[in-house]
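Have a look at the structure below before the remarks.
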Amino acid sequence: MKSIVIAFAMYSKIPMPHVEWDKRSLSWALCAFPLVGVVIGAVLYGWLVLADFLGFTALKAAGAVALPLALSGCIHLDGFCDTCDALSSHQSRERKLEILKDSHTGAFAIICCGLYLLVFYALWRELDTAGESALVLALSPVLSRSLSGLAGVSWKNARGSGLLATFTEPVDGKWAQVILCLMVLFTAGAMLLINPVLGGAAVLGAAVTFLYYRVMAYRQFGGITGDTEGFFLQLCECVMVLAVLIGQKVWGV
C-alpha cells in the first residue's frame, strides 16, 4: 500500500497521506505507476462521455489535453520540455545530460511544448470519441505508464543517479519486469478486445514510440533519465491518439 501512495504522491497531484519513503516501499513504486494511469484514464473517460452528452467539441478537446496534465502535475511535460531542449542543442552527450539537469527553460523547450500542445489539441479535436473509441483512449494513460515503468526497471540509467535512480535502485529488477510486462500485455489486450482496429492501432503506435525511445535515448544520452521518461510518456500518448484517429479515418470505425 505504501508503494501505491508513493507512486501517486510522486507522479500525480492527487492528495495522498504522508508515508515514509523506505527502501522496501520504493522498490515497488514503479510497479504501481500504471495505477496512476488508471485514475487519469477514468477521469478522461468521464470527461469524454460528459462532453459528448453536452455537445462540446473544442472544449472537449481542450479538456482531454488539460485534465491528464493537471492530474499529473505536468511532471512528465516538464521532462518532455527538458529533453527537447537537450535534443535541440546538438551538443555532446555529456553536455546534453547537463542540459537535462538545468532548471532553466530554453527557447526550444517552449517552442516544442507549444507545438506539442497544439498538435495534441488538434488530434483530439478531430477524433470521434463516442462509444468504443473513448474506452480505448481511456486506457492509453495506463499503457504509456506501464511501458515507461518497464523501461525504467529494464534499461540503463544514463547518469546512474537522480530521481529515476531513487525509484529503480531498490527494485528487484526481474520481478518488476515481470509485473510491468504483465500490465503492458493486459492493457494492450484490453484495448484489442474493446475494438481490434482502434485498439490495435493504439497498441502499434505505442510499440513504435517505445522502440523509437530506446534507440533515441541510447544514441543521444547513453541511456534513460527521469526527463526522457517524461518525454516518452507524453509522446506515446500523443501518438496513440494519432493512431486511433488514423484508424477512424482509414477504416471508418
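The values are calculated or read from the model by the stated rules, or taken from the named source; none is laboratory data. Computed from a predicted model, the values in this text were never measured in an experiment. Methodologically, a virtual Cβ is constructed for each residue, glycine included, from the backbone with ideal geometry; neighbour enumeration extends over all protein chains shown.
Structure above, values below:
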item	result
Any hit, the stretch 50-58, residues being among the aromatic types (Phe, Trp, Tyr) and surrounded by fewer than 14 Cβ atoms within 10 Å (Cβ to Cβ)	yes
Qualifying residue in the stretch 200-213 (condition: surrounded by fewer than 18 Cβ atoms within 10 Å (Cβ to Cβ), of a type outside the set (A, V, I, L, M, F, W, C) and closer than 27 Å to MET10 by Cβ)	yes
Residue pairs meeting the criteria (Cβ under 6 Å; at least 6 apart or on separate chains; first within 7 Å of VAL142 (Cα to Cα) and crowded, with 23+ Cβ neighbours inside 10 Å, in the stretch 32-44; second modelled with pLDDT of 95 or more and of a type in the set (Lys, Arg))	PRO34/ARG145; GLY37/ARG145
Residue list for the stretch 187-231, restricted to those being outside any helix (DSSP H, G or I) and farther than 26 Å from GLU169 by Cα	ASN195
Residue in the stretch 161-170 that is hydrophobic (A, V, I, L, M, F, W, C), under 16 Å from the mean Cα position of the chain (by Cα), part of a helix (DSSP H, G or I) and modelled with pLDDT of 95 or more present	no
Qualifying residue in the stretch 77-94 (condition: crowded, with 20+ Cβ neighbours inside 10 Å and of a type in the set (Lys, Arg))	no
Flag if ARG125 is touching a residue at least 12 places away in the same chain (Cβ under 8 Å) and among the charged types (D, E, K, R)	yes
Number of positions in the stretch 84-122 that are under 22 Å from PHE33 (Cβ atoms) and at pLDDT 95 or above	2
Some residue of the stretch 221-230 being closer than 18 Å to TYR116 by Cβ, in contact with a His (Cβ under 7 Å, 6 or more places away or on another chain) and surrounded by fewer than 24 Cβ atoms within 10 Å (Cβ to Cβ)	yes
Hey, PHE80 of a type in the set (Phe, Trp, Tyr), within 19 Å of GLN220 (Cβ to Cβ) and assigned to a helix (DSSP H, G or I) or not	yes
Tabulated pairs, the stretch 88-113, first without any contact (Cβ under 8 Å) to a residue 40 or more places away in the chain, second charged (D, E, K, R) and not in a loop (DSSP other than H, G, I, E, B), C-beta under 6 angstrom, 6+ apart or interchain	ILE99/ASP85; GLY106/ASP85; PHE108/ASP85; ALA109/ASP85
Residue in the stretch 52-66 that is basic (Lys, Arg), in contact with a Phe, Trp or Tyr (Cβ under 9 Å, 6 or more places away or on another chain), in a helix (DSSP H, G or I) and more than 20 Å from ALA130 (Cα to Cα) present	no
Pair list, Cβ under 8 Å, 6 or more apart: the stretch 187-213 residue farther than 14 Å from LEU233 by Cα, other residue surrounded by fewer than 24 Cβ atoms within 10 Å (Cβ to Cβ) and hydroxyl-bearing (Ser, Thr, Tyr)	ASN195/SER133; LEU198/SER133
Tally of residues being aromatic (Phe, Trp, Tyr) and over 30 Å from ALA58 (Cα atoms) across the stretch 123-164	1
